[in-house]
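Okay, so here's the structure we're looking at.
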There are 2 protein chains.
Amino acid sequence: MSKKTNEGITVKKNEDFSEWYSQVVQKAELADIRYGVQGFIVHSPWGFKILRRIYELLEQDVEADDHEPFLFPLVIKKENLDKEEEHAGFAPEVFWVTKSGSKKMEEEVALRPTGETQIYPMYSLWIRSYNDLPYKGYQSRICTYRSEKTTRPFLRGREFMFFETHDVFATHDDALEQVEKDLTTSDEVIWKQCKIPFLSFKRPQWDKFMGALNTFTPDTLMPDGKRNQMASTHDLGQNFAKAFDINFQDKDGKQKLPWQTCYGPGIWRIMAALIGIHGDDTGLILPFDLAPKKVVIVPIFKEGSKDSVIKYCEDLKKSLDFSCIVDSTDATPGFKYNKWEMKGVPIRIEVGPKEVSEKTATVVLRTDKTKTSVKIEDINSEIKKQSLTLDKEIEKRAKVYFKDNTHDAKDLNELKKIMKSHRGFVRVPFCSVEKDGEKCADKLKELTDGVNVCGTLYPKEEKASGNCIMCDKKAKHIVYTAKSY
Amino acid sequence: MSKKTNEGITVKKNEDFSEWYSQVVQKAELADIRYGVQGFIVHSPWGFKILRRIYELLEQDVEADDHEPFLFPLVIKKENLDKEEEHAGFAPEVFWVTKSGSKKMEEEVALRPTGETQIYPMYSLWIRSYNDLPYKGYQSRICTYRSEKTTRPFLRGREFMFFETHDVFATHDDALEQVEKDLTTSDEVIWKQCKIPFLSFKRPQWDKFMGALNTFTPDTLMPDGKRNQMASTHDLGQNFAKAFDINFQDKDGKQKLPWQTCYGPGIWRIMAALIGIHGDDTGLILPFDLAPKKVVIVPIFKEGSKDSVIKYCEDLKKSLDFSCIVDSTDATPGFKYNKWEMKGVPIRIEVGPKEVSEKTATVVLRTDKTKTSVKIEDINSEIKKQSLTLDKEIEKRAKVYFKDNTHDAKDLNELKKIMKSHRGFVRVPFCSVEKDGEKCADKLKELTDGVNVCGTLYPKEEKASGNCIMCDKKAKHIVYTAKSY
C-alpha cells in the first residue's frame with residue numbers, strides 16, 4: 001500500500017512515548033484510525049496477524065485446561081443486564097440497538113459490554129448436577145462495546161478485542177485453584193511467549209470488580225511509567241449464581257449454589273505492551289513466534305544483475321523453513337530496510353551479486369543489526385540460532401527495564417521523589433487492603449496526582465514491615481503503587 | 001450437561017425433514033435457541049467447533065491465494081451505507097445503534113449488514129497505484145446483522161456468521177480470473193473437505209446482487225428438495241469503485257478505476273448442508289476432518305471390572321494419534337452410543353473385560369455401525385483406515401443423493417410432475433437469462449408455487465437445445481430451476 005509507511009519515527013521512544021506509540025501504530029500499519037467513527041478502528045493486516053497469534057496462544061492454553069469454546073450473541077436483553085446490580089456500573093457506557101430499518105424495536109437490546117449477564121442465564125439452563133461440574137467455557141475473537149470518552153488504539157476503545165473464560169465449580173476451593181491456573185495461563189502466554197514481564201496482584205477491596213469476592217491481575221509497566229493491566233481473574237464467589245439462578249444437585253442430593261470464576265486477558269492490552277516495551281526508535285520489535293513474517297529477503301541489484309539476484313532470492317525463499325517475504329518492489333534497499341524494521345520482522349536477509357556468486361546470504365538481526373554472512377546450505381540453522389538470540393535479547397531487555405522501574409519507598413516523600421524521576425512501580429508499606437484502607441489510598445492518589453494502590457503480590461504475598469506511608473499505623477501489607485491507564 | 005440430549009430423534013429424516021433438522025440442532029448440541037432474543041442463537045461448543053473448522057479451512061485457502069486478513073468495525077456510518085444506491089435494498093433490515101447509556105448519540109450507526117460500504121471507503125485511502133494491485137483482503141469469524149422476519153439456526157438469523165473477501169484489480173480480466181479462483185476455494189472446502197456436492201451457477205440478471213455485473217454461486221440441495229446457496233462471488237465491475245472513489249495511477253501515468261470482486265461463503269449455510277445432507281435418522285454424520293472429536297471410547301464394565309476397564313481406556317486414549325474422549329460417566333453404554341452417534345463422532349471404540357484380557361478394542365464406524373475387533377497395537381492404523389472408509393461412504397452417499405435429485409424436463413408439465421414427486425434441481429431449456437427472461441421466470445414461479453431459475457452452469461455453460469418451457473421461443477440456455485430457502 002502506498003501510505004507513507006516508510007518515513008522513520010520522528011521522535012525518540014524515551015523522549016515522547018505517547019507520540020512514538022501513535023507513530024508506530026500507524027507506520028508499522030497495525031491499525032488505521034481513519035475509519036470515521038470515534039473509538040472504532042480498523043485492525044490492519046499486520047496488526048491483525050499479531051493479535052490473532054495472541055488469540056491462538058490463549059485458545060491453545062485454555063483448551064489444554066479443558067475449556068470448551070462457544071459463541072454468544074452480540075446483544076443482551078435489558079432485563080439480564082439489570083439482573084446483577086453490580087453491573088449497573090456499566091450502564092452509562094452501554095450502547096443500545098433501538099431500531100431496525102426505520103421502525104422502533106419492541107425491545108431494545110444492548111451491545112455486550114462483557115459476557116457475564118449473557119452467559120450465566122444459559123448456565124442456569126445447562127448446569128443441573130455435580131456431574132456437570134466443573135463447567136469451563138470460553139469465547140474468543142469477539143469484541144465488546146463501551147462508550148469510552150477517550151480512546152487510543154489497543155489501550156482503550158469503544159470497540160475492543162475480547163476473550164473471556166467463565167467457569168463454574170462445586171466448591172470455593174476448586175474456584176481458587178482455577179485462579180492460580182489462570183495465572184499460569186498469563187505466565188505462559190504473556191511472559192513466556194510475548195516476553196512481557198508482569199507482577200501478579202490481588203487487588204485491594206476498593207478496586208476489585210464489584211460483583212466479585214476478589215480480583216487478580218497481571219500488571220506490567222508501559223514506558224511512560226504507567227501500569228498496564230493485561231488481564232483479570234475474578235473470584236466471583238456465589239454472587240452471580242444467586243443473581244442468575246444457577247444451582248446444582250450435589251452428590252448428597254441437595255440443591256446448592258456453585259462457585260464461579262472468570263478470566264479475561266486483554267488482547268489489546270497485551271498488544272499495547274508488546275509495542276511499548278519491546279519497540280525501539282526504529283519501530284516494532286517482536287518475539288520470533290509473534291512476527292507475521294519471520295524473514296524478509298531484500299534483493300540488491302544493479303541493471304545487469306537484477307534477474308539473477310531476484311531468482312536467487314525466490315529460490316532462497318522456497319528453501320526456508322520460515323514464513324518469508326521477498327521485497328522486490330522498486331523502492332531502494334534502504335527504504336525497504338526501514339519499512340521491515342518498522343514492522344518488526346525479526347530477520348532480514350540481504351542478497352546482492354556478491355552473495356549470488358559466493359552462494360551465501362547476509363543475515364541481519366532486528367535487535368542489534370549485526371550482519372552475518374552465511375553459506376546458503378546453513379541458512380535454516382542460522383535463522384533458528386538467531387531467532388533464539390533475538391528472543392533472549394528481548395527477554396533480557398524487558399527484564400532489565402522492568403527491574404529498573406520497580407522501586408522501594410519507606411514513606412510518602414520517598415515515593416514522590418521516585419515518581420518524579422523514575423515512575424513505575426513503587427513498593428510501600430500500607431495499613432490495609434480491606435475497605436478500611438481506602439481512605440489512605442484516596443489520600444495517596446490526591447497527594448501524588450493519581451498514584452494508585454495496585455494491590456499485594458499474589459499468590460505469595462510479601463511479609464509486611466514498617467508503617468503505612470499514609471497513616472503511619474503499623475503496616476499489614478506491602479503493596480505496589482503506580483499510575484494507571 | 002444434563003440437557004436431555006440422549007433421547008433419539010423422534011421423526012425420520014425423509015418423512016419430516018424440518019422437524020428432524022430442528023431436533024438434530026438441539027440434540028447434537030449444535031446451538032441453543034433459548035437465548036431469548038429472536039434470531040440470535042448461542043453457538044454451543046460442539047456446533048461451534050465444527051463451524052470454527054469450516055472457518056479455518058476457508059482461511060487457509062484464501063491466504064494461500066494471497067489474501068491478507070483484517071478486521072473492520074461492527075458499525076457503519078449512515079453516509080457510507082447510503083453511498084452505494086444498490087445497498088438501499090438492505091435498508092429496511094438494518095439495525096441501528098442510537099443511544100449510549102441513556103443519551104441519544106450524535107450520529108446513529110448501523111450494525112454491519114455486509115462489508116462493502118465499510119471496507120471500500122478505506123480501500124480508497126489504501127489504494128493509490130498499480131503497485132498496490134491486486135489488493136486482496138478478507139475478514140473472518142465475524143457476524144453480520146439483518147432484521148429477518150423468520151429465522152432458523154444456520155439457515156437464516158438476525159445474527160449470522162460471516163466471511164468475506166474483497167479484492168481489487170487493475171483489469172476486468174484479472175477480476176474474472178478471481179471469480180474462478182473463488183470457485184476453486186468453494187470446490188476445495190465445500191466439496192473436497194465437507195463432502196457437500198454443488199452446482200456452480202451464473203445467476204440470471206434479475207437475480208444477481210444488484211450492485212454487481214454478475215453473481216456466481218455454488219448451490220446445493222437440502223433433503224426437502226430446496227436449493228441452499230452456500231456462497232457467492234460478485235463480479236462488481238467498477239460500480240463500487242465509482243461510488244467510493246477508489247482509483248489508482250496505472251503504469252501509463254493515468255488515473256483509472258479498478259475492478260472489484262467479493263466472495264462470501266456462508267459459514268452457516270455450509271453447516272446447514274453438512275447437517276442436512278450427511279445426517280441420518282440417528283443424528284449427525286461428519287466427515288472425519290470436521291468432527292470435533294474423532295473417537296469416543298466407551299468402557300463397558302460390571303462391578304468387579306470397572307477399574308481395570310477404565311484404566312485400559314485411559315491408556316488407549318493416550319496411545320491414539322486422534323482426538324478422543326473417554327465417556328466414563330455413569331450412564332449406560334446404550335445411552336452413550338446414542339449420545340455420540342447423535343453428535344456424529346466418526347468412530348466408537350467399545351472396551352469391556354473381554355477386550356482388556358485379549359488386548360483388543362472393538363471399533364464401530366458411525367456410518368454402517370459394523371464392529372471390528374482390532375489388536376491394540378494396530379489401533380491407529382485401523383482408525384486411519386476406517387476414517388477413509390467413512391469419508392468415501394459419505395462422499396458416495398452425497399453424490400448419489402445429489403444425482404437422484406437432479407432431473408431434466410422438456411416442458412412445464414414435466415417440471416411440475418418432477419416437483420411433485422422428487423423436487424430438487426430441474427434442468428430445462430429457457431429463453432434468456434438477461435433482463436428479457438425475467439417475465440418467463442416470474443410466470444414459472446407463479447405457476448409452480450415458487451420454483452426459481454437458479455442460472456446457467458458456470459464456468460462451462462451447457463449447450464442449449466429445445467424451446468423455452470415458458471414462452472416456447474427457441475431456448476438460448478439450459479438453466480437449472482429449484483425451490484429456494
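The values are calculated or read from the model by the stated rules, or taken from the named source; none is laboratory data. What you see is a predicted model, and the numbers here were worked out from it, not measured in a lab. Heads up, the Cβs are rebuilt from the backbone with ideal geometry, glycines too, and the neighbour counts pull from every protein chain shown. Just the protein is used for accessible areas: all its heavy atoms, side chains included, with ligands, DNA and RNA removed. Shrake-Rupley method; radii C 1.70, N 1.55, O 1.52, S 1.80 Å.
Filtered by the rule that a residue be on the phi < 0 side of the Ramachandran plot, open to solvent by less than 20 Å² (accessible area, probe 1.4 Å) and not in a loop (DSSP other than H, G, I, E, B), region B:233-251 gives B:THR233, B:ASP235, B:LEU236, B:PHE240, B:ALA241, B:PHE244, B:PHE248. Limited to region B:457-483, what total is found for residues that are crowded, with 22+ Cβ neighbours inside 10 Å and assigned to a strand (DSSP E or B)? Going through region B:457-483 one residue at a time, the tally reaches 5.
Considering only region B:342-360, state which residues are under 28 Å from B:GLU7 (Cβ atoms) and either of a type outside the set (Asp, Glu) or open to solvent by 20 Å² or more (accessible area, probe 1.4 Å) (or both). Steps first, answer last, please.
Here is the first cut: in region B:342-360, the ones under 28 Å from B:GLU7 (Cβ atoms) are B:342-352.
Passing the criteria: B:MET342, B:LYS343, B:GLY344, B:VAL345, B:PRO346, B:ILE347, B:ARG348, B:ILE349, B:VAL351, B:GLY352.
Contact map, region B:10-28: residues that are closer than 21 Å to B:PHE48 by Cα and free of Cβ contacts under 8 Å to residues at least 24 places away in the same chain paired with residues that are of a type in the set (S, T, N, Q) and open to solvent by 30 Å² or more (accessible area, probe 1.4 Å), Cβ distance under 8 Å, separation 6+ or inter-chain. Pairs shown: B:GLN23/B:THR10.
Condition check: aliphatic (A, V, I, L, M), under 29 Å from B:TRP191 (Cβ atoms) and open to solvent by 60 Å² or more (accessible area, probe 1.4 Å). Does B:LEU388 satisfy that? So B:LEU388 fits the description; yes. Of the residues making up region A:64-78, those that are within 10 Å of chain B (Cβ to nearest Cβ) and either open to solvent by less than 60 Å² (accessible area, probe 1.4 Å) or assigned to a helix (DSSP H, G or I) (or both) are A:HIS67, A:PRO69, A:PHE70, A:LEU71, A:PHE72, A:PRO73, A:LEU74, A:VAL75, A:ILE76, A:LYS77. Taken together, B:VAL453, B:VAL428, B:VAL374, B:VAL433 contain a single residue that is in contact with a His (Cβ under 6 Å, 6 or more places away or on another chain) and crowded, with 17+ Cβ neighbours inside 10 Å, which is B:VAL433.
For (1) farther than 30 Å from A:GLU180 by Cα; (2) touching an Asp or Glu at 6+ places or on another chain (Cβ under 8 Å); (3) outside the structural domain of A:CYS194 (by TED's automatic domain parsing), each residue gets a yes or a no:
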| residue | (1), (2), (3) |
| --- | --- |
| A:GLN38 | yes, no, no |
| A:PRO45 | yes, yes, no |
| A:ILE50 | no, no, no |
| A:ASP66 | no, no, no |
| A:PHE70 | no, no, no |
| A:GLU79 | yes, no, no |
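Is at least one residue of region B:79-89 under 21 Å from B:GLY211 (Cβ atoms), touching a strand residue (DSSP E or B) at 6+ places or on another chain (Cβ under 7 Å) and in a helix (DSSP H, G or I)? Checked against the condition, which is being under 21 Å from B:GLY211 (Cβ atoms), touching a strand residue (DSSP E or B) at 6+ places or on another chain (Cβ under 7 Å) and in a helix (DSSP H, G or I), region B:79-89 yields at least one hit.
Would you say A:GLU382 is assigned to a helix (DSSP H, G or I), modelled with pLDDT of 95 or more and open to solvent by 90 Å² or more (accessible area, probe 1.4 Å)? So A:GLU382 fails the test.
Condition check: open to solvent by 20 Å² or more (accessible area, probe 1.4 Å) and within 14 Å of another protein chain (Cβ to nearest Cβ). Does B:ILE325 satisfy that?
Working: open to solvent by 20 Å² or more (accessible area, probe 1.4 Å): yes; within 14 Å of another protein chain (Cβ to nearest Cβ): yes.
Yes: the conditions hold for B:ILE325.
Name every residue in region B:109-136 that is closer than 18 Å to A:SER102 by Cα, at pLDDT below 95 and at the interface with chain A (Cβ under 8 Å from one of its Cβ atoms), in order of residue number. The answer is none; no residue qualifies. Restricting to region A:297-319, count the residues that are touching a residue at least 40 places away in the same chain (Cβ under 8 Å) and surrounded by 23 or more Cβ atoms within 10 Å (Cβ to Cβ). Within region A:297-319, residues that are touching a residue at least 40 places away in the same chain (Cβ under 8 Å) and surrounded by 23 or more Cβ atoms within 10 Å (Cβ to Cβ) number 4. Considering (1) of a type in the set (A, V, I, L, M, F, W, C); (2) within 20 Å of B:ALA31 (Cβ to Cβ); (3) open to solvent by 10 Å² or more (accessible area, probe 1.4 Å), the lone condition that A:TRP96 does not fulfil carries the number (2). Taking (1) facing chain B (nearest Cβ under 8 Å); (2) touching a strand residue (DSSP E or B) at 6+ places or on another chain (Cβ under 7 Å); (3) outside any strand (DSSP E or B); (4) more than 25 Å from A:ASP207 (Cα to Cα) in turn, A:SER147 satisfies each apart from (4).
What number of residues in region B:81-96 are of a type in the set (Asp, Glu) and either modelled with pLDDT of 75 or more or in contact with a helix residue (DSSP H, G or I) (Cβ under 7 Å, 6 or more places away or on another chain) (or both)?
Of region B:81-96, the ones of a type in the set (Asp, Glu) are B:82, B:84-86, B:93.
Restricting the remaining residues to those that are either modelled with pLDDT of 75 or more or in contact with a helix residue (DSSP H, G or I) (Cβ under 7 Å, 6 or more places away or on another chain) (or both) gives B:82, B:84, B:93.
Number of matching residues: 3.
Out of B:TRP20, B:TRP96, which single residue is more than 14 Å from B:ARG146 (Cα to Cα), aromatic (Phe, Trp, Tyr) and either within 8 Å of another protein chain (Cβ to nearest Cβ) or part of a helix (DSSP H, G or I) (or both)? Criteria check complete, one pass: B:TRP20.
Quick test for you: out of A:GLN229, A:GLN205, pick the one residue that is touching an Asp or Glu at 6+ places or on another chain (Cβ under 9 Å), open to solvent by 10 Å² or more (accessible area, probe 1.4 Å), closer than 25 Å to A:ARG52 by Cβ and not small (Gly, Ala, Ser). So that I can check it myself, show each step before the final result.
Working: A:GLN205 fails: closer than 25 Å to A:ARG52 by Cβ.
Matching residue, one of A:GLN229, A:GLN205: A:GLN229.
Looking for something touching a helix residue (DSSP H, G or I) at 6+ places or on another chain (Cβ under 8 Å) and open to solvent by 10 Å² or more (accessible area, probe 1.4 Å) - is there at least one such residue anywhere in region A:171-182? Full working, then the answer.
Narrowing region A:171-182 to residues touching a helix residue (DSSP H, G or I) at 6+ places or on another chain (Cβ under 8 Å): none.
Scanning region A:171-182 turns up no residue that is touching a helix residue (DSSP H, G or I) at 6+ places or on another chain (Cβ under 8 Å) and open to solvent by 10 Å² or more (accessible area, probe 1.4 Å).
For first residues located in region A:438-453 and closer than 15 Å to A:LYS226 by Cβ and in contact (Cβ under 8 Å) with a residue 24 or more places away in the chain, partners that are hydrophobic (A, V, I, L, M, F, W, C) and in a loop (DSSP other than H, G, I, E, B) and lie 6+ apart or on another chain with Cβ distances below 9 Å form the pairs A:VAL453/A:VAL433.
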